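This report concerns only the one structure given below.
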Amino acid sequence: GGSRAPDTSLFVPVPLKPVDDAAEEDVGAELTRPLDKGEVLKNLNKFYKRKEIQRLGAENGLDARLFHQAFISFRKYIMESSSVSADLHIILNDICCGAGKICLLGHVDDLFPFFLRHAKQIFPMLDCMDDLRKISDLRLPPNWYPDARAIQRKIIFHAGPTNSGKTYHAIQRFLSAKSGIYCGPLKLLAHEIFQKSNDANVPCDLVTGEERVYANEDARQAPHIACTIEMCSTNTPYEVAVIDEIQMIRDPARGWAWTRALLGLCAEEIHVCGEPAAIDLVTELMYTTGEEVEVRNYKRLTPLTVLDYALESLDNLQPGDCVVCFSKNDIYSISRQIEARGLECAVIYGSLPPGTKLEQAKKFNDPDDPCKILVATDAIGMGLNLCIKRIIFNSIVKPTINEKGEKEIDSITTSQALQIAGRAGRYGSSFKQGEVTTMHRDDLVQLKEILSEPVRPVKAAGLHPTPEQIEMFAYHLPDATLSNLIDIFVSLSQVDGLYFVCNIDDFKFLADMIQHIPLNLRSRYVFCTAPLNRKEPFVCTMLLKFARQFSRNEPLTFDWLCRHTKWPLAAPKNIKELVHLEAVHDVFDLYLWLSYRFMDMFPDAVLVRDIQKQLDDIIQIGVCNITKLIRASQSVAAPGTAEVVSEDFPFSRTKRDTRAVSNHHGAKSTEALSIAVEVPTERRTRNLKAYRSATRQEDLKSHGRGSLANRLLREGLITQEMLRQLESEWQDQHRNGREGLGSKRDDRNNPKETGKKKK
């Protein structure tokens, strides 16, 4: 397309201080006479109102908004300066003297060159719009990868649903090649291929954001490599490359990594695996590189049946069942209700460490383990091999983030439903066929509709600005913040119809968070691309501490990290502690990720990896005892309630291991759902908000204290610390004051009494 008009609301003026140095010789005043500031002001305002001047401004890139801002600044500069440059002084003097006389000495229009010079000083981008447009031109991405364009690559698309053997065939080719690279969306998947490859005596290295494992003792690069897709190298030649889950090229946050791999990998054969919905886009993208695509279609290997009846009650669970929830609180609630029925269940959700996920999967898969039920989020949609007989959707609405970065609650897409449902009846497992249904009868009709719809074709591939492009932008706009640079970049960027610019909200969030810390641009950029979940306050705080320590040029040692994370940590006693341990695990991940980018500043990766492994074991213990933790969380709050976890926490788009299948869900910030209330079995309202508020009303009616505490916290009337203190006083008093029910009831209603006792 033609060049777009820039979004000038993003242009932040550079402040210019008026001249107030009385010692400066006022040459202009000596040559003419001192200015009459009242007259000057009148003439400046006349200048501003002239249509001719506004037209000239527009021709020079000043739209109404910029023209206004530049004028206010120009007027302030002249009015507040003790002296101005001689040439400007003389013009102003001429205008003021000549005003109203027939023989005009000067005209207000003569100010324009001075005004424009001032405007370009406060808006440096006006002088370099053409350069900025060139730098942010994202058309023709294939040209960014000259190494890949120099060879003729063969593209093979393995298309099929979950459980059709498509990836298996691509991996067989990868293993038989002299050299190969596997690119997957999750650490778990990269790990699995790394393991498979080495087990098959094909030496293979593992590369993820946080880890490098070499097959060779001497850390020599092996000819095969398994990596998370962001980590793939576009300048190493391979015989075969495998790009897994290609439909993620449309992911609003991570799609760019698939685009980069598809266009940029230097491999003679590129094997692309994923949903048939991406065939057309991949074919069109390859048409622009002059490469042909061979499509191989696969059918599902085991039958999958949608049942005609819903589960309706957890009493109807059978071995091999997996209940899928889209909220962590539902996971806690369901797993507790299952164990209350004397059944054991495994639990898997996005923010668990990979080791814990694998351990829970192993427990559920083990025919000799009494644990026969799985409760999980859609984190099971990728990356774990599970022996599931029947998938039960606890709900079919899932909160998501739209292109604008806003939260929406919507029914799951056909693609998501197929991905999850397809996990039932895995080929080669003990269940030869899969079944799928819902927990609630109303949802079943809708699930059938969703599953029968064709998957929408993937329309466009993601792109994002490279560090080099941002660096060139910063060169032209040295005073802009990184967040502002990125905004201006995206507003000026041009893309072909086959592409879109990925949303950069996480990047900007981190850029704003560390803006006040003095870092060079490269380092700042790296910190802003760190994979973290911005809904975890502890992790964000730690990133801030990392950046501050880094900016002082003080290495972040193992001791420093232990001090700030209070390591060693004990096994969790309630859900809140478990959630905190998961956050600490993420902090260790962050340290390891940064250690590969700044080795000298994050020197203790080996020690951190050791304690991270120990922490994974501690979290596993917590997850194995999850129902005890839930009970503990409830007894702390009050009989029958628990603020288990803030409902806003899991937007884990930026965590490498969860971004792909983010464990999102709705509800306003910190509105916790009491998990004590069993989900009503009568018609369950589709509108989650109504359902949540009803649940909360129910809480308030039935359980006074716990929910009151939540409400007080929400309204900021008490702090977590005060609540903890109240709880410990409450428990002490509970222990000391068992003088019969009467006295207990009196105390509860008489805080003064409690206080006296405590003293």
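The values are calculated or read from the model by the stated rules, or taken from the named source; none is laboratory data. Just so you know, these numbers come straight off a predicted model, no measurement behind them. Counting neighbours? That spans all protein chains shown, and the Cβs are built from the backbone with ideal geometry, glycine included. Accessible surface areas use protein heavy atoms only, side chains included; no ligands, DNA or RNA. Shrake-Rupley method; radii C 1.70, N 1.55, O 1.52, S 1.80 Å.
Step by step: first the residues of the range 367-397, then only those that are of a type in the set (D, E, K, R) and over 16 Å from residue 334 (Cβ atoms), then the one that is most open to solvent (accessible area, probe 1.4 Å). Which residue is that? Here the residue is 368. Run down 392, 420 and say which single residue is assigned to a strand (DSSP E or B) and either among the aromatic types (Phe, Trp, Tyr) or under 14 Å from residue 438 (Cα atoms) (or both). Step by step, each of 392, 420 is checked, and only 392 is assigned to a strand (DSSP E or B) and either among the aromatic types (Phe, Trp, Tyr) or under 14 Å from residue 438 (Cα atoms) (or both).
Rundown of residues vs (1) outside the structural domain of residue 401 (by the TED database); (2) of a type in the set (Val, Ile, Thr); (3) open to solvent by 50 Å² or more (accessible area, probe 1.4 Å), yes/no style:
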| residue | (1), (2), (3) |
| --- | --- |
| 520 | yes, no, yes |
| 536 | yes, no, no |
| 541 | yes, yes, yes |
| 560 | yes, no, no |
| 568 | yes, no, yes |
| 582 | yes, no, no |
| 586 | yes, no, no |
| 595 | yes, no, no |
| 601 | yes, no, no |
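Here residue 45 clears all of (1) under 18 Å from residue 11 (Cβ atoms); (2) polar (S, T, N, Q); (3) free of Cβ contacts under 8 Å to residues at least 60 places away in the same chain except the condition numbered (1). For the range 234-250, state whether one or more residues are open to solvent by 20 Å² or more (accessible area, probe 1.4 Å), assigned to a loop (DSSP other than H, G, I, E, B) and β-branched (Val, Ile, Thr). Looking for residues that are open to solvent by 20 Å² or more (accessible area, probe 1.4 Å), assigned to a loop (DSSP other than H, G, I, E, B) and β-branched (Val, Ile, Thr), one finds at least one in the range 234-250, hence yes. Any idea how many residues of the range 417-450 are among the aliphatic types (A, V, I, L, M) and either over 22 Å from residue 348 (Cβ atoms) or assigned by the TED database to the domain that holds residue 162 (or both)? Of the residues in the range 417-450, 3 are among the aliphatic types (A, V, I, L, M) and either over 22 Å from residue 348 (Cβ atoms) or assigned by the TED database to the domain that holds residue 162 (or both).
When residue 486 is tested against (1) among the aliphatic types (A, V, I, L, M); (2) over 22 Å from residue 302 (Cβ atoms); (3) in contact with a strand residue (DSSP E or B) (Cβ under 7 Å, 6 or more places away or on another chain), only condition (3) is not met. Filtering the range 570-599 to residues that are closer than 16 Å to residue 353 by Cα and in a loop (DSSP other than H, G, I, E, B) leaves 571, 572. Only one entry of 575, 630, 626, 621 meets the criterion of being open to solvent by 20 Å² or more (accessible area, probe 1.4 Å) and either among the basic types (Lys, Arg) or in contact (Cβ under 8 Å) with a residue 24 or more places away in the chain (or both), and that entry is 621.
A Cβ distance below 6 Å, combined with a sequence gap of six or more or placement on separate chains, defines the contacts here; from the range 141-156, residues that are free of Cβ contacts under 8 Å to residues at least 12 places away in the same chain reach no residue that is of a type outside the set (Phe, Trp, Tyr) and in a helix (DSSP H, G or I).
Scan the range 477-499 and give yes if some residue there is under 30 Å from residue 395 (Cα atoms) and not aliphatic (A, V, I, L, M), otherwise no. There is no residue in the range 477-499 that is under 30 Å from residue 395 (Cα atoms) and not aliphatic (A, V, I, L, M).
Residue 442 passes every criterion in (1) open to solvent by 70 Å² or more (accessible area, probe 1.4 Å); (2) not in a strand (DSSP E or B) apart from (1).
Condition check for residue 213 on (1) open to solvent by 40 Å² or more (accessible area, probe 1.4 Å); (2) within 23 Å of residue 465 (Cα to Cα); (3) not hydroxyl-bearing (Ser, Thr, Tyr): one failure, at (2). Of the helices (runs of 4 or more DSSP H) that lie entirely inside the range 101-194, those containing 2 or more residues that are open to solvent by 40 Å² or more (accessible area, probe 1.4 Å) and acidic (Asp, Glu) span 129-135. Every condition in (1) among the aliphatic types (A, V, I, L, M); (2) at pLDDT 95 or above; (3) over 23 Å from the mean Cα position of the chain (by Cα) is met by residue 219 except one, and the failing one is (2).
A Cβ distance below 6 Å, combined with a sequence gap of six or more or placement on separate chains, defines the contacts here; from the range 212-236, residues that are without any contact (Cβ under 8 Å) to a residue 24 or more places away in the chain reach residues that are among the charged types (D, E, K, R) in the pairs 214/205; 215/205; 222/205. Considering only the range 278-317, state which residues are among the small types (Gly, Ala, Ser), under 30 Å from residue 140 (Cβ atoms) and touching a helix residue (DSSP H, G or I) at 6+ places or on another chain (Cβ under 7 Å). Hit for the range 278-317 is 278, nothing else.
Among the residues making up the range 399-431, those that are open to solvent by 10 Å² or more (accessible area, probe 1.4 Å) and touching a His at 6+ places or on another chain (Cβ under 7 Å) are 400, 401.
Taken together, the residues in the range 338-358 that are of a type outside the set (A, V, I, L, M, F, W, C), touching a strand residue (DSSP E or B) at 6+ places or on another chain (Cβ under 9 Å) and either within 26 Å of residue 533 (Cβ to Cβ) or part of a helix (DSSP H, G or I) (or both) amount to 4. Within the range 8-31, if we keep just the residues that are open to solvent by 70 Å² or more (accessible area, probe 1.4 Å) and among the charged types (D, E, K, R), the residue that is modelled with the lowest pLDDT turns out to be 24.
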